[in-house]
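The values are calculated or read from the model by the stated rules, or taken from the named source; none is laboratory data. The model shown is predicted, which means the values in this text are computed figures rather than measured ones. Every residue, glycine among them, receives a Cβ derived from its backbone with ideal geometry; neighbour counts consider all protein chains shown. Heavy atoms of the whole protein, side chains included, go into the accessibility calculation; ligands, DNA and RNA do not. Shrake-Rupley method; radii C 1.70, N 1.55, O 1.52, S 1.80 Å.
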Amino acid sequence: MPRFSPLPLALALCAAFSAQAEETPGTTTVQAEQIEGVGKGELQARGNVQIDSDGRRIEADWVKLFQDSGELQAGDNTRLSEQQNVLSGGALRLNETSRTGELATPSFRLGSGPRQGRGDAVKLLFDGPGKYKLQQARFTTCSVGEDDWFVRAGQLELDYSRNLGIARNGSIEFKGVPFLYSPYIDFSLDGSRKSGFLAPSFNLTGSGGVDVTLPYYWNIAPNMDATIAPRLIAQRGLLLNNEFRYLGERFGGELRAEAIHRDRDFGASRSAFSWQHKQQLFFEGLSGEVDLQKASDDRYFVDFGDRIAVASQTFLPRQAALNYTIPGLSMSLLVQRYQTLQDSANPVTEPYARLPQLSFNYNAPLPAPYRFEMSGEGSVFKHGSQAVANSMTRTQLDGRRSILYPSVSLPLERSWGFITPRIGAHLSRYALSDGRELKRELPVFSLDSGLYFDKDTEWFGNTMVQSLEPRAYYVRIPYKDQSAFPNFDSGVADFNFAQMFSENQYTGGDRVNDANQLTLALTSRLFTQDSGEERARFALGQRFYFDPQRVTLTETARSEDVTASDLIASVGGRPHDDWWLDASWQYDQQAHSSRKTAFNLRYQPLPGSSLNLGYRFDKRNDIKQADISAQWPLTRKINAVARYNWSIPDRRALETLAGLEYNGGCWVFRAVNQRFVTTANETSRTFFLQLELNDLGKIGSNPLQTLKDSIPGYSKLN
């Protein structure tokens, strides 16, 4: 077979094929059964022609090269390839100077990685570097042999210099059935952001009926975008959704606004608004943030929320904060108010507004090993606009509160254990709207100590390290009558394993418990010897009172005369690669009954296979629930998704979810039905139906966030 090298003209024409072609010439070879015209303005090669240059290859039955015009002609069967890009077809004409030309009856594979596109057309026009125009074309990102969906177009433009695809007079064809015709469809070739209409969303809800959303995505700038999404709800009207996101070197935020001019079912216009913004200010360490949220009425999210987390909102914050942080000091100035969304069946109390609140934490250097810490705040509390009118009762006073808490500790730490004595003073001042001034001065002493013991052991045939960690924590705070003090923001903290090792059982700053108590706990862990991964954790703890606690939240409430707290036990970890366990138990020894129980078990052998069992019991809040959820393969391509959350005292389901997912390889179909109880004690129903075409878009209503919220361990099939 004749061979000729080098051939600069052939090299240049090879480079015309690829959008990423290197202009620098290298070694070029031409192989053919017959080569004529060497050294002249025209070269002809016939019979299994192959031109190779720097990883690029042109193959054809015959090739003509015209040196003067920089043009190549080839036929009758041609193939152009470079790395993963392949074009094959009939007669080829290609001009190196303008990088224009055409290829008859082409089939193609373009791009790289999982987003590689392929297809065919009647004719392909080269329209410059990396630009192709195809007539009567099909395009898909499905693998070869999986012709499940195509974008069909009278004219298809693929611009790899901008990673943009445009289909004119196009439609989407799924399983041979065309649908969603549009005179203009544009899509990203590499998954990058671009302006254009997104796939419409179709939904079916119990409160609104048929629900259709047509979103438009506006890629304003590399650091700024917006989504405008008109939402037509059959029983209510047209709801306009708008989302604007922005990100700068020192700031970022998100603005959402939605409104319906007249809700036919509600009988009035309705709207919701939110703005979250964070920004680094004038110098390092100084930052600000804003969180403003508003709804036109109490039922807005019940009627328009499509997820439990949205439909169950009760308090909408309206706050702004100025923060300053440097090593050893953090400060925050907060202005905060809430909009309370009331449920007539279960009314709630609106939190006090903070207008403003200044808080700080300070750590001062002292001669080692001493540590000095001081925290404090100054707050102005006022009733919100929805508060009950009688402001002269003690539970509804306005006022100012200042708190200062300095402390000194001596942490002594060794590899085998630690002991940390600490002494401080809780100092409080109040100036109330009824003219009273109150003060509280309480010394606080605590002693925290613990030991560490390790030993090697075996766990299902594996070498492990088992730890034994006893811990003792003593707190002493004298009693002071606080029944005359208002309650601006205090509540009883949830009693759990972590809270047992805190000085105060109350949240907020209006109550400081009296304490003469000792907490004893024992924790044991199992670690893998090689990686240090925690496989199992066991903990048991209890608090003992040497004096009965007398400080309460209200004048009438009185603490029980008990000598010990509830007993708390917990077990958790990952005993096997496929299993996760987290369980806790709170036992009331005085009543000889369980007060709180939580149990969660997950089995997840593979992504897309997750089975969860849960049980929750809380005697104080009258909660007793059983929970089961799963994402589980029924066949190689079909997965079932489900959740059933049952309230045992109410004898009703709080949430039910059932659906199927079909993984077609380059597409996924999801059908999910969800029913849940809102905070208004009403039932909301939503039906999701979605077709996701890989790398192209999602058509229908999107259940993915709902599935992630409802099924721990849920993962996308594609």
Out of ALA320, ALA353, report the one residue that is within 30 Å of HIS426 (Cβ to Cβ) and in contact with a His (Cβ under 8 Å, 6 or more places away or on another chain). ALA353
Contacts under 6 angstrom Cβ, first residue in the stretch 453-467 being surrounded by 12 or more Cβ atoms within 10 Å (Cβ to Cβ), partner modelled with pLDDT under 85, 6 or more apart: VAL465/GLN529
Of the conditions (1) open to solvent by 50 Å² or more (accessible area, probe 1.4 Å); (2) at pLDDT 80 or above; (3) in contact with a Gly (Cβ under 9 Å, 6 or more places away or on another chain), ILE220 fails just one. Which one is it? (3)
Of all residues making up the stretch 689-715, the number that are of a type outside the set (Val, Ile, Thr), touching a strand residue (DSSP E or B) at 6+ places or on another chain (Cβ under 9 Å) and farther than 27 Å from ARG152 by Cβ: 8
In the stretch 595-615, what residues are touching a residue at least 12 places away in the same chain (Cβ under 8 Å), farther than 11 Å from PRO712 by Cα and of a type in the set (A, V, I, L, M, F, W, C)? ALA598, PHE599
Being hydrophobic (A, V, I, L, M, F, W, C) and at pLDDT below 85 is the filter; apply it to the stretch 149-196 and report the residue that is surrounded by the most Cβ atoms within 10 Å (Cβ to Cβ). ILE185
In the stretch 271-326, the residues that are part of a loop (DSSP other than H, G, I, E, B) and farther than 30 Å from SER359 by Cα: SER296, ASP297, ASP298, ARG299, GLY305, ASP306, ARG307, SER312
A careful count of residues in the stretch 76-109 that are at pLDDT 90 or above, under 16 Å from LEU158 (Cβ atoms) and charged (D, E, K, R) gives 1
Which pairs turn up if I take residues in the stretch 272-284 that are on the phi < 0 side of the Ramachandran plot and look for partners that are open to solvent by less than 40 Å² (accessible area, probe 1.4 Å) and hydroxyl-bearing (Ser, Thr, Tyr) with beta carbon separation below 9 Å, at least 6 apart in sequence or on another chain? ALA272/TYR300; HIS277/TYR246; LYS278/SER287; GLN279/SER287; GLN280/SER287; LEU281/SER287
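How many residues, within the stretch 471-500, are in a strand (DSSP E or B) and either open to solvent by 40 Å² or more (accessible area, probe 1.4 Å) or closer than 13 Å to ASN513 by Cβ (or both)?
At the first step, the residues of the stretch 471-500 found to be in a strand (DSSP E or B) are 471-477, 491-492.
Filter again for either open to solvent by 40 Å² or more (accessible area, probe 1.4 Å) or closer than 13 Å to ASN513 by Cβ (or both), leaving 471, 474-477, 491-492.
Counting residues in the stretch 471-500 that are in a strand (DSSP E or B) and either open to solvent by 40 Å² or more (accessible area, probe 1.4 Å) or closer than 13 Å to ASN513 by Cβ (or both) gives 7.
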Looking only at the stretch 314-329, and only at residues there that are more than 17 Å from LEU286 (Cα to Cα) and open to solvent by 40 Å² or more (accessible area, probe 1.4 Å), the one that is modelled with the lowest pLDDT: PHE315
Given (1) more than 30 Å from the chain's Cα centre (by Cα); (2) buried (at least 17 other Cβ atoms within 10 Å of the Cβ), where does GLY573 come up short, assuming only one miss? (1)
Quick one: how many residues across the stretch 604-631 are surrounded by 15 or more Cβ atoms within 10 Å (Cβ to Cβ) and in contact with a Gly (Cβ under 9 Å, 6 or more places away or on another chain)? 10
ALA591 passes all but one of (1) assigned to a loop (DSSP other than H, G, I, E, B); (2) under 30 Å from PHE687 (Cα atoms); which number fails? (2)
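So how many residues does the stretch 174-206 have that are of a type outside the set (Lys, Arg) and closer than 28 Å to THR706 by Cα?
So the first thing to find is which residues in the stretch 174-206 are of a type outside the set (Lys, Arg), and the list is 174, 176-192, 195-206.
Pick out the ones that are also closer than 28 Å to THR706 by Cα and you get 174, 179-180, 187-188, 190-192, 195-206.
Here the count works out to 20.
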I need every pair where a residue in the stretch 222-235 that is closer than 13 Å to ILE260 by Cα has its Cβ under 6 Å from the Cβ of a residue that is open to solvent by 50 Å² or more (accessible area, probe 1.4 Å), sequence separation at least 6 or different chains. PRO230/LEU214; PRO230/LEU240; LEU232/LEU238; ALA234/VAL210; GLN235/ASP265
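Conditions (1) open to solvent by less than 20 Å² (accessible area, probe 1.4 Å); (2) under 29 Å from ASN663 (Cα atoms), marked per residue:
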position: GLN50; (1), (2): no, no
position: GLY75; (1), (2): yes, no
position: GLN84; (1), (2): no, yes
position: GLY89; (1), (2): yes, no
position: ASN95; (1), (2): no, no
position: THR105; (1), (2): no, no
position: LEU124; (1), (2): yes, no
position: LYS133; (1), (2): no, no
position: ASP147; (1), (2): no, yes
Would you be able to say whether some residue in the stretch 150-158 is touching a residue at least 40 places away in the same chain (Cβ under 8 Å) and basic (Lys, Arg)? no
Can you name every residue in the stretch 521-548 that is surrounded by 14 or more Cβ atoms within 10 Å (Cβ to Cβ), out of contact with any Phe, Trp or Tyr (no Cβ under 9 Å at 6 or more places or on another chain) and over 30 Å from ILE477 (Cα atoms)? PHE527, ARG537, PHE538
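Among VAL551, VAL512, which is the only one that is open to solvent by less than 40 Å² (accessible area, probe 1.4 Å), part of a loop (DSSP other than H, G, I, E, B) and over 24 Å from SER409 (Cα atoms)?
Values: VAL512 fails: over 24 Å from SER409 (Cα atoms).
That would be VAL551, the only listed residue that is open to solvent by less than 40 Å² (accessible area, probe 1.4 Å), part of a loop (DSSP other than H, G, I, E, B) and over 24 Å from SER409 (Cα atoms).
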